[in-house]
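Data block below; observations after.
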Amino acid sequence: MSRLRIFVLLLLLLVALPAFAATPTQDVLTQLQARVAQLPVLRGEFEQEKQVQGFKNPLRSSGNFLIARDRGLLWQTRKPFPSELVFTRDRILQRGTDGTIRVEADARQQPGLRQVNALMFALMHGDLRALEGQFQLQPQLLAGNRWQLQLTPKGAALARLFVRITLEGDRHVRSVLIEERGGDRSQLRFSAMSETPATLTADEARRFD
């Protein structure tokens, strides 16, 4: 799976869930929504393990992330190699260890990226109707204020990429399992979540510029 698809999913998944119309499944989604924090800024740590078909040992990486509802996602890999990706409304940037910036994708040149970003930011502001249009949502409430949400693609384009995506969490998303059509699997685990400070520091804000 490309880094772009991974982080598009993260932006979709590391956000609060909205209310839905009253059907049996959507009633559960509404209850699930009440368990998830609505936050302007969330910081934490991640571990990613990807099992690639044909390889015995999984690929592992770890680092830190910061998601700001009004700005985007900052994804800093510490291991195995330092790197930083910044996702904003209009572009995806890669920042080198020396501070140099390379534009990975620019919505001004790639209209499709603008559509993806518009979807991501709508979801970051609590509008999962678009996600419901793309995926069959299967929510489950668990003991201890925990929950699980399984996403199964509806359309042919997404179905060619994913078999399913499974989220588990409580006040925050704690894990994401991405099962790809080709047999690869990516497991993401999030920890050390911090909701404060609720605004970006001056250095964090600069990293989105």
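Quick notes on this one:
- Calculated from backbone phi, Karplus (6.51, -1.76, 1.60) coupling profile of the range 162-168 in Hz, x at Gly/Pro: 10, 7, 6, 10, 10, 10, 9
- Order of Lys56, Lys50, Lys79, Lys154 - criterion: other Cβ atoms within 10 Å of each residue's Cβ, fewest first: Lys56, Lys79, Lys154, Lys50
- Sequence-distant aspartates and glutamates (8 or more away, or on other chains) whose Cα lies within less than 16 Å of Lys50: Glu179, Glu180, Asp184
- By the beta-carbon count within 10 Å of each Cβ, the least crowded to most crowded order of Ser186, Ser62, fewest first, is Ser62, Ser186.
- Computed extension gain for Ala157 through Arg189, at 0.36 nm per residue and net of the alpha carbon distance, reaches 8.9 nm.
- 5 angstrom amide H check on Leu142, placed H, neighbours 5+ away: Trp147, Gln148
- The modelled label-to-label distance between Asn57 and Thr201, using points 7 Å beyond Cα along the C-beta direction, is 3.4 nm.
Laboratory data are not the source of any read-out in this text; all were calculated from the coordinates shown. Values in this document were obtained by computation on a predicted structure and should not be read as measured data. Heads up, the Cβs are rebuilt from the backbone with ideal geometry, glycines too, and the neighbour counts pull from every protein chain shown.
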